[in-house]
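Worksheet: one structure, shown below.
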Number of protein chains: 2
Amino acid sequence: MTVPMHPVLVAGAWRPARSPAGSFRASNPATGEAIDEMYPVSGFPEIEEAIRAGRAAAAEMAALSPDAIASFLDAYAGGIEACLAELVRTAHLETGLAEEPRLRTVELPRTVFQLRQAAAAVRDRSWCRATIDTRADIRSKFGPLGGPVVVFGPNNFPFAYNSIAGTDFASALAAGNPVIAKAHPCHPGTTRLFAEVGFTILKASRLPAAALQLLYHMAPEDGLALVAHPDVGASAFTGSRLGGLRLKEAADRAGRPIYLEMSSVNPVFLLPGALRQRGEAIAAETFGSCTLGAGQFCTKPGLIILQGDEAGEALYQKLKRSIVESPPQVLLARTVLDGIRAGLETMVGAGAEIAAGGRSPEGPGFRFQNTLLRVSGGVFLKSPKDLQHEAFGPVSLCVFASSSGQICEIAASLDGNLTASVFSHSGGDDETLYETLAPILRGKCGRLLNDKVPTGVAVTPAMVHGGPYPATGHPGFTAVGFPAAMIRFAALHGYDHVRPHRLPPELRDANPTGRMMRLIDGEWTMK
Amino acid sequence: MTVPMHPVLVAGAWRPARSPAGSFRASNPATGEAIDEMYPVSGFPEIEEAIRAGRAAAAEMAALSPDAIASFLDAYAGGIEACLAELVRTAHLETGLAEEPRLRTVELPRTVFQLRQAAAAVRDRSWCRATIDTRADIRSKFGPLGGPVVVFGPNNFPFAYNSIAGTDFASALAAGNPVIAKAHPCHPGTTRLFAEVGFTILKASRLPAAALQLLYHMAPEDGLALVAHPDVGASAFTGSRLGGLRLKEAADRAGRPIYLEMSSVNPVFLLPGALRQRGEAIAAETFGSCTLGAGQFCTKPGLIILQGDEAGEALYQKLKRSIVESPPQVLLARTVLDGIRAGLETMVGAGAEIAAGGRSPEGPGFRFQNTLLRVSGGVFLKSPKDLQHEAFGPVSLCVFASSSGQICEIAASLDGNLTASVFSHSGGDDETLYETLAPILRGKCGRLLNDKVPTGVAVTPAMVHGGPYPATGHPGFTAVGFPAAMIRFAALHGYDHVRPHRLPPELRDANPTGRMMRLIDGEWTMK
């Protein structure tokens, strides 16, 4: 019996994929067995059709009131909540992530919160940074890009980063752009559910029917052609460094903006005074952060840097014990398993020792032991590239520095990261070291933390989920937090001597909401 | 008799170039003769030394009060004014640009105004967009990049875009970064004067001595290695598309930010009603904009699009007459002359006819006739790439559309530009066409103008001097206007649970100036 192939959402309709380049099924990572739902791999003609429809939708959306977009985002959030049970069940099946608390109580609420935050930012309008010089009659604001935004969702957040419901989707749509979602092939069913909910609500809205489009899969070379297409406004990708760099090269060559979140080892520095003061608590917190969700977070601590003194050794022993005693976890996919093995090989090849875990248990599905490695600071500094290899999964490397000076040398040898954390004595015991270390780390990360593990990315306007290359492609942006995340998907639009009735409402003399923040003649004002 | 080679400004001192890769002299474009001053071509070891010193200076600057940077910028502006006569004389000699009004009354005042605007933005601090979530204790702001910014100055603005005094320099320094200036080899003497003034003032300031460095010239491959260097914070380039694209590729591959202003034909649409109403005045204004400064502006109208009706033909005849009657002008350099010839060849090859000018007059120096070409809309649409080739200089192409529909087709065929202008009837006669045309142009330009020529870039916070690729490398930024231009040279810095005394002053609970604008717990406030 053949399983029917799910339709794609292209050009304003669910329809069978036209001449698909192939088909695929997701797997249940807990069993390793294929799930009985078939999805198409879209060919380039279909991708081009989506781009054309997205381009036309972009023109329609430019003429819409922001309130239409905000209403859609709010209604979509409500629709997702109404579909909660099915989303959680499907995502658990496809990803192996725990239904409770992860999917139901943490990630789904975060996802609808993001959509509502985006809606609020759209209504508020201050995000567009309207700037007016009344004397010269020159005005500017951020506006949409004029073409669809392509969103490539990652495997590890089936809700909060989903290509058709997550933070990139919400940011791109809130900035006024249609979205072409490219599902992660590990959870096509979850993505389909979102798209079904979203498209039903879309049809009842004032947005064009091609404001949301969904393709499940495509050949890598077609992905490259997609991000380089002149009619695409921008692209966003969250995933592996290898995939990200290939897309970046294609987009860069064509002069198309692309935002990437590619890799991060999120170094955690445990300073000597902190370990003497509260080593037990720090060990427990670090263990939790390293192994939460099988370590499959972009902010998982991959590197733990500490001094090899008594307190440092005690922390390490405690952390190691916790890791040894913890059960293997289900991974998202076979590719994660393969990535961990390759990462361990690289790190061991560069001189790290596996202290705990390191194996895939017998039995069905994709599982790996929680794993801890150790290496001396001296060996780390000989191969800093290989030893800061991101092993995406429950793998962390303890680096034992011989001195405060070596701690700073290790910091200086790091690549760009999403986060860097420093635990220090609550009095002044570590202050001198902190004062040397923090400026080094400031240039190496997007978010600098004190006395706190990096996992758990709060959705707040102040969040920075970004950082220097190669964590992302540009250090000036964040993927989380409204309104800041929207700026990625906006163009700066200048209006010089444009007649008042032709101006966008945000740039006319009268404040369109009565309380939007604008910079007028050098003064910030809500009038 | 050998002329001594001028020293470079590297690592905090004027000193002889070490093992220079060569030497060069500028030419007086009015005579074509070499000027009797010799400058070094720096080799890569010297470039690397500048990067190292810039990196160390970046660390020092991160610890400085913004007021130190603002005071330097203000003092530098004053120092430039005190050196006005020598700057004007030298720039005139090296560029052929008129001393009056261009250099003395327009460009030099603009340059010092920019430095003072940058200083005011630094003192105000609102530019850094401080965002605070007091409940989650998460905070963010823009901060410096952690490495020097490399500025490549263009040939056409020896003052206002000078690599060590112009808008990119001011933006980069104001954002807290040291600058490595790469002089344009057409006006090394002008650049040297700025650097001498700036460095004298720098030594009396609290800024590190390597906050300003100057190299006069380098081999193209060394320029590529410079922008790709991991210790460089970002680069800015204003110049040719060919040079810009090469630098872009090198920087992109290395994941280093680069901001480029590469090319623009600045289409001017003259709608039928406007020409019937005030064709004479529009012709005069267009002529002025096309030929001002020998057309050597990035915002020169290279394309004039109009309908081939009676009023359109009358405008064309008037414009042509003005161009025929105007004398040839001195160009900046022989390369400009070569570029014009190549551009004309491309356009004529694609079917345009030379209607006026088109030749280089006999005699010394680098001169070219003001030049007008014409082509039909139909021919234009057959070769839109070749016919929107930027001929940098006093060259413009009139495109005669057969209908309103064809005007819009021509607009849709355009690449990204810095500007697009539309002249329309002051009543409603052109409104229907405007309503179709403007949304097309909105996606094609940074600054959209009504009833105004694009030359003359006002320095105001509302200015957008940017635009979609290939006018620039990213549509979200502006190179002119403070504080917006500074954002290019900033990284987004997050602080999560960082102890209050370790936070930058802009992110502490108390407002550091008592009036800096911040977004605190969702509310814009100056408290």
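The values are calculated or read from the model by the stated rules, or taken from the named source; none is laboratory data. Quick caveat: nothing in here was measured; it's all calculated off a predicted structure. Virtual Cβ from ideal backbone geometry, glycine too; neighbours counted across all protein chains shown.
Give the range A:106-128 a look and list any residue that's more than 19 Å from the chain's Cα centre (by Cα) and part of a helix (DSSP H, G or I), or say none.
Matches in the range A:106-128: A:A119, A:A120, A:A121, A:V122, A:R123, A:D124, A:S126, A:W127, A:C128.
When you scan the range B:78-101, do you find a residue that is out of contact with any Pro (no Cβ under 8 Å at 6 or more places or on another chain) and closer than 30 Å to B:P512 by Cα, even just one?
Checking the range B:78-101: at least one residue is out of contact with any Pro (no Cβ under 8 Å at 6 or more places or on another chain) and closer than 30 Å to B:P512 by Cα.
Return the residues of the range A:465-510 that are of a type in the set (K, R) and more than 9 Å from chain B (Cβ to nearest Cβ); say none if nothing qualifies. First the steps, then the outcome.
Initially, the range A:465-510 is screened for residues of a type in the set (K, R), giving A:488, A:499, A:502, A:508.
Matches in the range A:465-510: A:R508 only.
Looking for whichever is among the β-branched types (V, I, T) and touching a strand residue (DSSP E or B) at 6+ places or on another chain (Cβ under 6 Å) here; the options are B:V464, B:V453, B:V459, B:V480. Which one fits?
Answer to the selection: B:V464.
Go through the range B:338-358 and count every residue that is of a type outside the set (V, I, T) and outside any helix (DSSP H, G or I).
Selection size over the range B:338-358: 8.
Just need a number here: residues in the range A:394-410 that are in contact (Cβ under 8 Å) with a residue 40 or more places away in the chain and surrounded by 19 or more Cβ atoms within 10 Å (Cβ to Cβ).
The number of residues fulfilling the criteria is 10.
Pairs under 6 Å by beta carbon, first residue more than 7 Å from chain B (Cβ to nearest Cβ) in the range A:451-464, partner aromatic (F, W, Y) and assigned to a loop (DSSP other than H, G, I, E, B), six or more apart or different chains?
If the second residue must be aromatic (F, W, Y) and assigned to a loop (DSSP other than H, G, I, E, B), the pairs left are A:T455/A:F297.
For B:A91, are the conditions met, namely being crowded, with 18+ Cβ neighbours inside 10 Å, within 30 Å of A:G443 (Cα to Cα), at pLDDT 95 or above and not charged (D, E, K, R)?
So B:A91 does not fit the description; no.
Would it be correct to say that A:E435 is without any contact (Cβ under 8 Å) to a residue 24 or more places away in the chain and either more than 24 Å from A:V179 (Cα to Cα) or in contact with a His (Cβ under 8 Å, 6 or more places away or on another chain) (or both)?
Criteria met by A:E435.
Scan the range B:72-79 and tell me whether some residue there is within 14 Å of chain A (Cβ to nearest Cβ), more than 23 Å from the chain's Cα centre (by Cα) and in contact (Cβ under 8 Å) with a residue 60 or more places away in the chain.
Initially, the range B:72-79 is screened for residues within 14 Å of chain A (Cβ to nearest Cβ), giving none.
Checked the range B:72-79: no residue is within 14 Å of chain A (Cβ to nearest Cβ), more than 23 Å from the chain's Cα centre (by Cα) and in contact (Cβ under 8 Å) with a residue 60 or more places away in the chain.
Any residue in the range B:138-164 that's outside the structural domain of B:L215 (by TED's automatic domain parsing) and over 20 Å from B:L64 (Cβ atoms): show its pairings with residues that are assigned to a strand (DSSP E or B) and of a type in the set (D, E) at Cβ separation under 6 Å, as long as the two are six or more apart or on different chains.
Note: pairs meeting the criteria are B:I138/B:D496.
Quick one: is A:G244 assigned to a helix (DSSP H, G or I), within 14 Å of chain B (Cβ to nearest Cβ), at pLDDT 95 or above and within 19 Å of the chain's Cα centre (by Cα)?
Criteria met by A:G244.
Within the range A:317-329, which residues are buried (at least 19 other Cβ atoms within 10 Å of the Cβ) and either among the hydrophobic types (A, V, I, L, M, F, W, C) or over 22 Å from A:F297 (Cβ atoms) (or both)?
Across the range A:317-329, the qualifying residues are A:L319, A:I323.
Taking the range A:177-187 on its own, how many of its residues are more than 15 Å from A:V232 (Cβ to Cβ) and touching a Phe, Trp or Tyr at 6+ places or on another chain (Cβ under 9 Å)?
Matching residues across the range A:177-187 total 3.
Within the range B:366-389, identify whether any single residue is at pLDDT 95 or above, under 20 Å from B:G443 (Cβ atoms) and assigned to a loop (DSSP other than H, G, I, E, B), and answer yes or no.
Yes.
Every residue in the range B:470-506 that is among the acidic types (D, E) and in a helix (DSSP H, G or I), please.
The one that is among the acidic types (D, E) and in a helix (DSSP H, G or I): B:E506.
Among the residues in the range B:437-449, are any over 30 Å from B:I132 (Cβ atoms), at the interface with chain A (Cβ under 10 Å from one of its Cβ atoms) and assigned to a loop (DSSP other than H, G, I, E, B)?
yes
Answer yes or no: is there a residue in the range A:431-448 that is over 23 Å from B:E60 (Cα atoms), outside the structural domain of A:I132 (by TED's automatic domain parsing) and at pLDDT 95 or above.
No, the range A:431-448 contains no residue that is over 23 Å from B:E60 (Cα atoms), outside the structural domain of A:I132 (by TED's automatic domain parsing) and at pLDDT 95 or above.
Out of A:I180, A:I164, I need the residue that is assigned to a loop (DSSP other than H, G, I, E, B), β-branched (V, I, T) and within 28 Å of A:G243 (Cα to Cα). Which one?
A:I164
Anything in the range A:95-113 that is closer than 20 Å to A:T335 by Cβ and either of a type in the set (S, T, N, Q) or in contact with a strand residue (DSSP E or B) (Cβ under 7 Å, 6 or more places away or on another chain) (or both)? List them, or say none.
Of everything in the range A:95-113, those that are closer than 20 Å to A:T335 by Cβ and either of a type in the set (S, T, N, Q) or in contact with a strand residue (DSSP E or B) (Cβ under 7 Å, 6 or more places away or on another chain) (or both) turn out to be A:T95, A:G96.
Go through (1) surrounded by fewer than 18 Cβ atoms within 10 Å (Cβ to Cβ); (2) farther than 28 Å from B:F269 by Cβ; (3) at the interface with another protein chain (Cβ under 7 Å from one of its Cβ atoms); (4) not acidic (D, E) one by one and return the number of the condition B:T513 breaks.
Unmet condition: (3).
Is one or more of the residues making up the range A:426-433 of a type in the set (D, E) and either buried (at least 23 other Cβ atoms within 10 Å of the Cβ) or not in a loop (DSSP other than H, G, I, E, B) (or both)?
yes
So A:T190 ticks every box in (1) away from every other protein chain (no Cβ under 14 Å); (2) among the hydroxyl-bearing types (S, T, Y); (3) under 30 Å from B:I440 (Cβ atoms) but one. Which box is left unticked?
Condition (3) is where A:T190 drops out.
Within the range A:305-314, identify whether any single residue is under 30 Å from the mean Cα position of the chain (by Cα), in contact (Cβ under 8 Å) with a residue 24 or more places away in the chain, over 30 Å from A:S27 (Cβ atoms) and not assigned by TED's automatic domain parsing to the domain that holds A:E94, and answer yes or no.
Checked against the condition, which is being under 30 Å from the mean Cα position of the chain (by Cα), in contact (Cβ under 8 Å) with a residue 24 or more places away in the chain, over 30 Å from A:S27 (Cβ atoms) and not assigned by TED's automatic domain parsing to the domain that holds A:E94, the range A:305-314 yields at least one hit.
Quick one: would you say A:V88 is away from chain B (no Cβ under 14 Å) and touching a Lys or Arg at 6+ places or on another chain (Cβ under 9 Å)?
So A:V88 fits the description; yes.
Find the residue count for the range B:118-138, including only residues that are surrounded by fewer than 24 Cβ atoms within 10 Å (Cβ to Cβ), of a type in the set (G, A, S) and either more than 9 Å from every other protein chain (Cβ to nearest Cβ) or more than 15 Å from A:M463 (Cα to Cα) (or both).
2
So for the range A:209-216 (the condition being within 14 Å of chain B (Cβ to nearest Cβ) and of a type in the set (G, A, S)), does at least one residue qualify?
Checking the range A:209-216: not a single residue is within 14 Å of chain B (Cβ to nearest Cβ) and of a type in the set (G, A, S).
Got a sec? Which of B:A391, B:A462, B:A458, B:A471 is more than 24 Å from A:R253 (Cα to Cα) and surrounded by 19 or more Cβ atoms within 10 Å (Cβ to Cβ)?
Result of the check over B:A391, B:A462, B:A458, B:A471: B:A462.
Check off (1) surrounded by 16 or more Cβ atoms within 10 Å (Cβ to Cβ); (2) β-branched (V, I, T); (3) not in a strand (DSSP E or B) for B:T335 and give me the number that stays unchecked.
So B:T335 meets the others, but not (1).
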